[in-house]
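What follows is calculated from the coordinates using simple rules that are stated; it is not laboratory data. This is a predicted model, so every value here is computed, not measured. Cβ coordinates were reconstructed from backbone atoms using ideal geometry, including for glycine residues, and neighbour counts include every protein chain displayed.
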Amino acid sequence: MPGRYVVVGGGAVGATVAAQLHLAEIGVVLVARGANLAALRAKGLRYLRPDGPRTLRLPVVAGPDEVTLRSDDVLVVAVKSQDTEAAVAQWAWQPVTDGAGAETAAADTLPVVLMQNGLENARTALRRFTRVVDTVVLSGASHVRPGEVVSPGSPLAGGFYVGDAPTGAGPDSERVAADLRSAGFAVQVVPDIARWKAGKLLGNLYWNLDALYRRSRLRNRLGDELVEEATTVLQAAGLDPHAPTVPDALDRASFETVDVPGARRGGSSTWQSLARGRGAEGDYLYGEIALLARLHGLRAPLNEAVQTRIATVARQGVRPRSLPMSDIAELLGYSGMAAPLAML
């Protein structure tokens, strides 16, 4: 029996990848929890794409006690970054059977693929797993309702940069890339995945502001300054997010975000977390910049401030995009609102 992808995390990215693998007749098991798990078991995955909705009956489990790992399986971690440590610790030492009765530990045997934002996940996985494939996920998928995912990429479902962590491009990356291509994704294997992850982090800092503020020129100005501050910090930490060593061969037009009938477009991954009333991963986005700054004798006051705001909004259960423009003006050091009002 051919190997399967055991996808830990049934949210926007995890469920989209599981759905596409299933549609391509590549073996997959989806690991979910809570209301999402209950909905998937009761009704299947409602998978909304630009060409219409469909319901997929995916194999779904609650955790490692409900699946027997095999030596040709691939683990995929698609939980939010704040949940990575628990997920990796739970799965790393699960037994893997080779079909002849011999058992080994998953961490020693199986490749684990990381489909998350931020830089810390690779360190967390490498602490236990010997074979780690990191990815940059390019997807507009959203998950707000249990058992439902909206995947607006067209004609392909999304894109990935893939590489062995921390740097490299080996057989595990090539296998994952080939399967993702078969499943309807654009994929480029890169030998310096850490730098690509750093580049994606800069994008996250900019776009995830939609969890706090409505769209405006003032929000764009804050995003630009966050990215500028973060770039200085990343370079001081030896992580240059620019000038990758291989050209970008992904055709972005192959997975453009388009309207999905019957689905309203949501927002960033942090926006989705707040919309679901869940904790957000700001500590691993803006907080990553704050951490690196402190480790290298620098300060990142803007990233620190946004990190604090996301954590506070999540704790208080405030709806997304509820902070006023005056808050951005304060962060940017404007003495009054007269000048920035022209930018709204």
ask   = In nm, what is the difference between 0.36 nm times the number of residues separating V67 and E330 and their Cα-Cα distance?
value = 89.5 nm
For V133, distant residues with modelled amide H under 5 Å away = V112, V113, L114, A165
task = Before rounding to the nearest 500, sum -39500 (n - 2.57) across all DSSP H runs of length at least 4 in the chain and divide by the residue total; then give [θ] at 222 nm in deg cm²/dmol.
result = -11500 deg cm²/dmol
query = Just V77, V112, V29 to compare: in a GNM of the chain, with alpha carbon springs under 10 Å, which one fluctuates most?
reply = V29
key: Sequence-distant residues sharing a close amide H with R128 (under 5 Å, placed H)   = none
ask   = Amide H to amide H under 5 Å from V6: which residues, 5+ apart in sequence or cross-chain, H placed 1.01 Å off N in plane?
value = V29, V74, L75, V76
query = What FRET efficiency, computed as 1/(1 + (r/R0)^6) with R0 = 51 Å and r the Cβ-Cβ distance, is obtained for R215 and A100, rounded to the nearest 0.05?
reply = 0.30
request  = For helix 12-23, report the angle its Cα long axis makes with the longest principal axis of the Cα atoms of the chain; keep it between 0 and 90° and round to the nearest 10°.
outcome  = 30
ask   = Which entry is the computed mean projected area of the Cα convex hull in nm² for this structure: (i) 16.3; (ii) 44.2; (iii) 17.5?
value = (iii)
Phi-based couplings in Hz for the range 108-122 (Karplus 6.51, -1.76, 1.60; Gly and Pro marked x) = 8, 10, 9, x, 10, 10, 9, 10, 9, 8, x, 9, 6, 4, 5
ask   = How would you order 293-300, 21-28 from highest to lowest mean count of nearby Cβ atoms within 10 Å?
value = 21-28, 293-300
